[in-house]
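Quick notes on the structure that follows.
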Amino acid sequence: MARFTLPRDIYFGENAMEELKNLKGHKKAFIVTGGSSMQKFGFLDKLKNILEETGLEVKLFEGVEPDPSVETVMAGAKAMQEFGPDIIVAIGGGSPIDAAKAMWVFYEYPELTFDDIKTPFSMPKLRKKAIFAAIPSTSGTATEVTAFSVITDYSTKIKYPLADFEITPDIAILDTTIPETMPPKLVAHTGMDALTHAIEAYVASARSKFSDPLALEAISMVFDYLEDSYNGDKRARGEMHIAQCLAGMAFSNALLGITHSLAHKIGAVFDIPHGCCNAILLPYVIKFNSKVAMKEYAEIAKLLGLPGASDKQLTDSLIAAVDELNKKVDIVPTFKEYGVTEDLLKSSIDAIAKNAVLDPCTASNPRKTTEEDMKKILECAYYGKQVNF
Ligand code: FE
């Protein structure tokens, strides 16, 4: 048996946030947000006003850091217990939404610890105290519709990739006026993250007839709109906000692959943003996986109208198209050109490869991947080497 889970309601379009005015039957809203951008652009005040006008008592939890910590989650959960909200509203980038998802778990079950919930799909039933709404400000992680949250324990340097359909939000609000404020570099990185989600989901082991069309539409939209979005076109920004959400619906259910396994381990060591890591790795991973997933890659290439008479030619065209898209949004083709030193590569490659094999995303990659394979892919992505895996 397979399962496909999404939020109950998705509101999208300009000023979609206003939909919260129609909330019924709630008394107390707990807002979770990050640094300062939501305040600076006035979205936090707008959200607060909408909720208060609806008759809700509102409490704010601000300052969730990038890569949120266990401490922040526990502090938020404690504040929730004191306030007693029946709706949690997370607004901002991936970090505050991820943190709020974990706070929610410990609000509903204060006796639990991270170790109790780290086994994927083992969480107890939520929604006994509150429902969860998410309003993303960036267009990439799609955490507003996914079953995932990543929390970091800085004392042990362990990342807890929490995974359970219980933490799939109830309401996702894609207010397309919010991503208009993203700086171009963030547009490029988050957009390529979304493309990676969609392409990995289309070949992942848990893909289904439900996830495939979402992945394909997301891929086609990213190719249509990312460049214009990067160059500041408002409509394209809005379309990318929708595209990344479609990709999220696909990968939350189909899962991901080794582009993400490697990116999860490289990001911290090389100090490169997640989406940029994925963007550099993706062409090499397509090449590696094409040994078992060439038919699927060829289908994507055909959908995009890329040239090629055979599946092999079409797959090569897809790789070239990803390279080309990276170039259009000013993402360098190799880690070397990004500025990672050879010394750093050599001193860290063994540990990265070892940890990447153990990453949960490796299990859903279409091709079985060994430590040696990981090293080879990483070396190719560092030097820009073309090999036949
Ligand atoms: Fe990602």
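Throughout, read-outs are computed from the coordinates displayed, never taken from laboratory work. This structure is a prediction, so every number in the text was calculated from the model and none was measured. So basically every Cβ, Gly included, is an ideal-geometry build from the backbone, and we count neighbours across all protein chains shown.
Three principal axis extents of segment 118-201 based on alpha-carbon atoms, in descending order, are 39, 31, 28 Å.
Within the chain, DSSP assigns beta bridges of which about 20% are antiparallel (rounded to the nearest 5). Among the listed pairs 78/368; 40/328; 312/376, those whose Cα-Cα separation exceeds 31 Å are 78/368.
Close amide-amide hydrogen proximity is noted between residue 32 and 61, 89, 90, 91, each under 5 Å apart and 5 or more residues distant or on a separate chain (H modeled in the peptide plane; Pro and chain starts excluded). So how strong a dipole does the chain carry about its Cα centre when Lys and Arg Cβ are +1 and Asp and Glu Cβ are -1, to the nearest 20 debye? The dipole of the chain has a size of about 640 debye. In plain terms, the chain from residue 295 to residue 86 could stretch by 70.5 nm, reckoned as 0.36 nm per residue minus the Cα-Cα distance. In this structure, residue 323 and residue 111 have a Cβ-Cβ separation that, at R0 = 45 Å, corresponds to a calculated FRET efficiency of about 0.35.
Across the chain, Cα pairs under 8 Å and at least six residues apart give a relative contact order of 15 percent. In this rough spin-label picture, where each label sits 7 Å from Cα along the Cβ direction, the residue 206-residue 170 distance is 2.3 nm.
Relative contact order of segment 183-383, taken over Cα pairs closer than 8 Å and 6 or more residues apart, is 26 percent.
Annotation for residue 337 and residue 78: the two label points, set 7 Å from Cα along the Cα-Cβ direction, are 4.8 nm apart.
Multiplying the residue separation of residue 231 and residue 18 by 0.36 nm and subtracting their alpha-carbon distance yields 73.9 nm.
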